[in-house]
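One structure is given here, and the rest of the page talks about it.
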Amino acid sequence: MSDAVSLDQLDAQQLRVLAERLMGQVAERDAQIARHDQALHFKQTHIDQLTQELALYKRWRYGRRSEQLNAAQASLLEETMDADMAAIEEQVLALQASITARPVTQAPRRMKLPPELPRTEIHHEPASTTCRCGCELKRMGEDVSEKLDYVPGVFSVQRHIRGKWVCAQCETLTQAPVPAQIIDKGIPTAGLLAQVLVAKFADHLPLYRQEGIFARAGLALARSTLGEWVGVCGLRLQPLVEALKAEVLTKTVLHADETPVQMLKPGAGKTHQAYLWAYTPTAYEQVRAVVYDFQPSRAGEHCRAFLAEWRGKLVTDDYAGYKAGFAAGITELGCMAHARRKFHDLHMNHQSQIAAQALELFGALYGIEREVAQLPAQERQRMRQARARPVAETLHRWLLAQRLRVPDGSGTARAIDYSLKRWQALTRYLDDGDAPIDNNWVENQIRPWAVGRSNWLFAGSLRGGQRAAAIMSLIQSARLNGHDPYAYLKDVLERLPTHKNSQISKLLPHRWTPAD
């Protein structure tokens, strides 16, 4: 039946219903178009911002500089900027591809690998040499690509050979796909990339030093090239770090701490203190992980932004930046080691007898902790209540009594006041077998940054520091789980290009198992 006849058969009410339905469909299509246009506008705006940022980086990188830097600082700054520019270019390409719905590629900049390097051939052939029409395929040639590999002290080349097979009957060409790589059309293998990342972020070797090491091994790799690799790898590994952060925030008890890191903004001519924040579950947790967060300052807003809606128990020192989180519902757990340290310093500097007495009581608390460390949480809590609480109450009474005897403003008074003002937070661990007595666990996770601090100099947009924090999160978490960071990163970089995003958590250090 035609539409005209169908409409003639409808009464007024039915026509109104039909009109409303059609208008709703039109409105929905208009809304979809508007949402699509809005998404395109957002992506284009982001592209414009990144393009402007990239232009600024290039002026900093290749123009005249006003900063008075020594040679080492200049090299550190340049390698960070090279990595930043590579990461920005990758982000722009990804956004452009999402807008045009087709891949946007750059012409590969491949260096010719020296013929004298040892070569290993890796063949990639179709799973079947029978054509869909039933005829046997015939090999008619091959495509060859070379990847640069490295084990400490020795370069080698992987020759990936992809045979071309053709059907004489229907002329169908069959060829194994190109193996997916972290750096598309690049020359480094996952092993070489892992070596560069581990050397820079675990062994604290700046890229200009690695450049010299590689030259002695027989191949000069420019630090600018190494910087580009670091930038792209940092971008590719970011989803894994986000998954690690999400996992950490599922825990009900966390440690937090922060440490200063030098940052130079190009053009400003001087450095200022940025901060590296660290968050980790306790040593009692089965999940061994740490997430670093690089920020331009020590402002408490950075901690609040990281923790977001998390409302568990947070072990910290007494830094005021955490106080807003406690007011918003996070439970404060104090650090007994900080309280003890006040008396330790008094005893070491002034041979204070009062401090010595305090240290004995603190020592008794720590002695109990060593005994219960391996117990289940409920048993640990029971033992703390039975044995540690009486010691803590004795310490509290002793602190109150001693405070009446020492003058205000003295070092002893300040040490006692520190503990008395924070007594509730310091002793909350007694009521929770999952809570630690102090914040030493996270301070140990910050130590690698203190060791490598002189080898990092971060640039303007904080990209360099945030990239280092991301990669260091994976490296240190791998260490906590007993993995060799090189083996872990090599395997992850090999698997990431084809790994499903929905299964990214399987590559986290505490769940990772090497590929077969």
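The values are calculated or read from the model by the stated rules, or taken from the named source; none is laboratory data. Since this is a predicted model, take the numbers as computed values, not measurements. When we count neighbours, we look across all protein chains shown, and the Cβ atoms used for this are built from the backbone with ideal geometry, even at glycine. We work out accessible area using only protein heavy atoms, side chains counted, and drop any ligands, DNA or RNA first. Shrake-Rupley method; radii C 1.70, N 1.55, O 1.52, S 1.80 Å.
Can you pull out the helices (runs of 4 or more DSSP H) entirely within segment 313-427 that have at least 3 residues that are touching an Asp or Glu at 6+ places or on another chain (Cβ under 7 Å)?
Values: elements: 323-327, 336-350, 353-372, 377-383, 389-403, 411-421, 423-427.
Where helices (runs of 4 or more DSSP H) fall fully within segment 313-427 and carry at least 3 residues being touching an Asp or Glu at 6+ places or on another chain (Cβ under 7 Å), they are 336-350.
Sort out which residues of segment 162-182 are closer than 24 Å to residue 117 by Cα, under 35 Å from the mean Cα position of the chain (by Cα) and open to solvent by less than 60 Å² (accessible area, probe 1.4 Å), and write them in order of number. Spell out how you get there, then give the answer.
As a first pass, look at segment 162-182 and keep what is closer than 24 Å to residue 117 by Cα: 162-163, 178-182.
Next, from what is left, pick out any that are under 35 Å from the mean Cα position of the chain (by Cα): 178-182.
The answer is 179, 180, 181, 182.
Among the candidates 228, 211, 247, 242, which residue alone is within 30 Å of residue 330 (Cβ to Cβ), of a type in the set (D, E, K, R), out of contact with any strand residue (DSSP E or B) (no Cβ under 7 Å at 6 or more places or on another chain) and open to solvent by 40 Å² or more (accessible area, probe 1.4 Å)?
On the way: 228 fails: within 30 Å of residue 330 (Cβ to Cβ); 211 fails: within 30 Å of residue 330 (Cβ to Cβ); 247 fails: open to solvent by 40 Å² or more (accessible area, probe 1.4 Å).
Criteria check complete, one pass: 242.
Test of understanding: among 295, 351, which residue is surrounded by fewer than 17 Cβ atoms within 10 Å (Cβ to Cβ) and not aliphatic (A, V, I, L, M)? Step through it out loud before you land on a result.
Values: 295 fails: surrounded by fewer than 17 Cβ atoms within 10 Å (Cβ to Cβ).
The unique qualifying residue is 351.
Any chance you could count how many residues in segment 274-286 are touching a Lys or Arg at 6+ places or on another chain (Cβ under 7 Å) and farther than 16 Å from residue 440 by Cα?
Start the filter on segment 274-286 by keeping residues that are touching a Lys or Arg at 6+ places or on another chain (Cβ under 7 Å), which leaves 275, 281, 285.
If we keep only those that are farther than 16 Å from residue 440 by Cα too, we end up with 275.
Of the residues in that region, 1 qualify.
Working only within segment 199-227, note down all residues that are within 19 Å of residue 149 (Cβ to Cβ) and basic (Lys, Arg).
Listed by number, the residues that qualify are 200, 216.
Restricting attention to segment 352-387, which residues are farther than 17 Å from residue 337 by Cα and aliphatic (A, V, I, L, M)?
Of everything in segment 352-387, those that are farther than 17 Å from residue 337 by Cα and aliphatic (A, V, I, L, M) turn out to be 354, 372, 375, 377, 383, 386.
Name the one entry in 356, 324, 305, 337 that is more than 16 Å from residue 251 (Cβ to Cβ) and within 19 Å of the chain's Cα centre (by Cα).
Details: 356 fails: within 19 Å of the chain's Cα centre (by Cα); 324 fails: within 19 Å of the chain's Cα centre (by Cα); 337 fails: within 19 Å of the chain's Cα centre (by Cα).
Criteria check complete, one pass: 305.
So, restricting to strands (runs of 3 or more DSSP E) that lie completely within segment 194-311, which ones have at least 2 residues that are without any contact (Cβ under 8 Å) to a residue 40 or more places away in the chain? It would help to see each step written out before you state the result.
Numbers: elements: 253-264, 271-281, 291-295.
Per the criteria, 271-281.
Select from segment 432-453 the residues that are outside any loop (DSSP other than H, G, I, E, B), buried (at least 17 other Cβ atoms within 10 Å of the Cβ) and among the hydrophobic types (A, V, I, L, M, F, W, C) and list them in ascending order.
441, 442, 446, 449
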